Amino acid sequence: MTNNSSLIQVENLHIGLEDGTELVKGIDFSMGRERVALVGESGSGKSLTARSLMGLLPASLHVQANRFELLGEAVLAYSQRQWLQLRGKQVSMVLQDPKYALNPSQNIGRQVEEPLVLHQSLAKKTRVEKVEHMLDAVGLPNPAKLRKLYPHQLSGGMGQRVMLAIALINDPQFLIADEPTSALDHAVRDQVLELIASLVEERNMGLLLISHDLQQVADYSERVLVMYQGQLIDQLPASQLSNATHPYTQTLWSCRPNIDKRGQALPVLDRGALATLTEGAAK
Amino acid sequence: MSVLELKDVSISHVQGLEKNTVVHDVNVSVKAGECFGLVGPSGCGKSTLLWVLAGLNPHWSGGIQLLDQPLKPGKVFSGELRRRVQMVFQDPYASLHPKHRLRRALSEPLKLLGYQDIDDRLSEGFKLVGLTENMIDRYPHQLSGGQRQRVAIIRALLLEPKLLLLDEPTSALDMSVQAEILNLLNELKAKRDLTMIMVSHDPEVVDYMCDHAVTMKAGRIDKETFYD
């Protein structure tokens, strides 16, 4: 994979509330056309970081950074209009739960078509062709019929595939997947992650995969960033996870139950020790 | 001694005049002190079965013997059984009253049963699940998801149940918090001589926790596993 053109460059990113409470405390990272997992517990600031990359933070939050570049553009000062041109075309996002993220009153075809209508000027016939082709590419059966269905007629896994079709139909350069599988059944999770990883690879895109399940995303990413309480506390290649040195990463890696761990207590976080550790890192 | 015997149990959901049978001819026996797992994809009927055992759905047929007491279809639970079977729900955000402090929410059933030493019992319960006593006077929204699930577990345990029903107790939680809750449940099981019935869609959780499990598929038992 070509890594030379950097898609995202973030230096010293702060996200805070108006009263001065910091939610994301100065993180640096950059990524190119690669698959990166952003892992952490709820409240660690991983979703905020991802949303700031899409310009989707609520106005009550303040974003500051020394450098905040997306596809080589300094997007921190972007107006709403500029964001609209970027979102859905160059960068796109898949959300957690298709039940809430899809519009219940519009059929699937119309929702998948919407990014095409907004960002390209194509004839209706071409659009329909593209939609059907895309639905086929995300592994949905019988696209012509599916186009006319409504979200409540689909299962969770199918809904998530539709979300992915919407995100990818304009061939964006960069995809953010915010916990794309936590609303899904266990058996379907791996299928959806597999699909995301293979489509991203095929199109040579960048992928930022957000999750709280380190073991699951490790198979589908090349690099892992670990966040804890607004700080980026560890980064390492996915292949090195089993020899992680940071205690937080070690615990996340090994806390998943399985049959071999029967009768033993699962490793849990020593939050007191971790607090002193992160304070030390901040100084 | 078995805590629960199911014989040819079928369960329906009744909507108006229509009856939709979703669980067919289930035969299961759960021994005392066991952790029994119900696994399967969504829609396979595992939660439906659990709801019957909690007395929340009377539309079933067949024979159920629960804590040495035969149940009758169409009848709600009565007497001791109401206390002896307790349930912990999937979503800790939805299972605690948002406008009541924890003290009020947790002491309500104890008051009803005429306990005198409610405050002592509450602080003992909070210690048992690893929370500090000063949290008793908080509202549910002032706790994290994992803490709230611990409170839901205290609520169930305060009534000294014999059988604890767990409906996906960790699926709304983070992986690292899940580990904490599973450890807690294992500890409690050893300390309190509890029988637990746990519904989960994650086979790994069941592999880790349970002594005996069934996999359900389309309302029927597909596979029965005994772990040793």
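Only the coordinates and a few stated rules stand behind these numbers; no lab work does. Predicted model, so just to flag it, every value in this text is computed and none were measured. Using ideal geometry, Cβ is built from the backbone for each residue, glycine included, and neighbour counts are taken over all protein chains shown.
In a reduced charge model with +1 at each Lys and Arg Cβ and -1 at each Asp and Glu Cβ, chain A shows a dipole moment near 820 debye about its Cα centre. Label zone of A:GLN153 (point 7 Å out along Cα→Cβ, amide N under 19 Å): in segment A:96-110 this covers A:98-110. Taking the charge dipole of the protein assembly as shown about its Cα centre, with +1 at Lys and Arg Cβ atoms and -1 at Asp and Glu Cβ atoms, the residue from B:TYR227, B:PRO169, A:SER211 reaching farthest to the positive side is B:PRO169.
Count neighbours as other Cβ atoms within 10 Å of each site's Cβ, and list the chymotrypsin sites (Phe, Trp or Tyr not before Pro) in segment B:143-228 that are DSSP loop with at most 14 such neighbours. Intermediate results must be reported in sequence, preceding the final value.
Values: sites: B:TYR208, B:PHE226, B:TYR227; in loops: B:TYR227.
Here no chymotrypsin sites (Phe, Trp or Tyr not before Pro) fit, given the DSSP loop and packing criteria.
Of B:LEU131, B:LEU184, B:SER95, whose Cα points farthest to the positive end of the dipole of segment B:93-195 (charges on the beta-carbon: +1 Lys, Arg; -1 Asp, Glu; origin at the Cα centre)? About the Cα centre, the residue reaching furthest to the positive side is B:SER95. Placing one equal scatterer on every Cα of the protein assembly as shown and applying the Debye formula, the log10 ratio I(q)/I(0) at q = 0.09, 0.10 Å⁻¹ is -0.74, -0.91.
About its Cα centre, the dipole of chain B is roughly 800 debye, where the only charges are +1 on Lys and Arg Cβ and -1 on Asp and Glu Cβ. Distance cut-off 19 Å, Cα to Cα: go down the list B:LYS7/B:LYS223; A:LYS124/A:LYS145; B:LYS191/B:LYS223; A:LYS261/B:LYS217 and report the pairs above it. The pairs that break the limit, which is 19 Å between Cα atoms, are B:LYS191/B:LYS223; A:LYS261/B:LYS217.
A simple charge model with +1 on the Cβ of Lys and Arg, -1 on the Cβ of Asp and Glu and nothing else charged puts the dipole of segment A:189-250 at about 180 debye relative to its Cα centre.
Against the main long axis of the alpha-carbon atoms of chain B, helix B:102-112 sits at an angle near 60°. Counting Cβ atoms of other protein chains within 10 Å of each residue's Cβ and taking the mean over peptide A:247-259 gives 4.
Normalising the average separation of contacting C-alpha pairs (under 8 angstrom, six or more residues apart) by the number of residues puts the relative contact order of segment B:20-114 at 16 percent.
Each principal axis of the Cα cloud of segment B:1-92 was evaluated for its coordinate range; sorted largest first, these ranges are 37, 29, 28 Å. So how tilted is helix A:156-168 from the main axis of chain A? Cα-based, degrees 0 to 90, rounded to 10. For A:156-168 against chain A, the angle is about 80 degrees.
Just so you know, the averaged projected area of the alpha carbon convex hull for chain B sits at 12.7 nm². Counting only other chain Cβ atoms within 10 Å of each residue's Cβ, the peptide B:200-212 averages 4.
So which of B:LYS75/B:LYS127; B:LYS19/B:LYS46; A:LYS25/A:LYS99; B:LYS72/B:LYS99 end up more than 30 Å apart by C-alpha?
On the way: B:LYS75/B:LYS127 37 Å; B:LYS19/B:LYS46 18 Å; A:LYS25/A:LYS99 32 Å; B:LYS72/B:LYS99 36 Å.
Check vs 30 Å cut-off fails for B:LYS75/B:LYS127; A:LYS25/A:LYS99; B:LYS72/B:LYS99.
For the peptides A:105-114, A:118-127, the ranking by packing is A:105-114, A:118-127, with the highest mean count of neighbouring Cβ atoms within 10 Å listed first.
Relative to the longest principal axis of the Cα atoms of chain A, the long axis of helix A:108-119 makes an angle of roughly 80 degrees. Can you find, among B:GLY63, B:SER29, B:PHE77, the residue farthest towards the positive end of the dipole of segment B:1-158? Put +1 on the C-beta of Lys and Arg, -1 on that of Asp and Glu. Value: B:PHE77.
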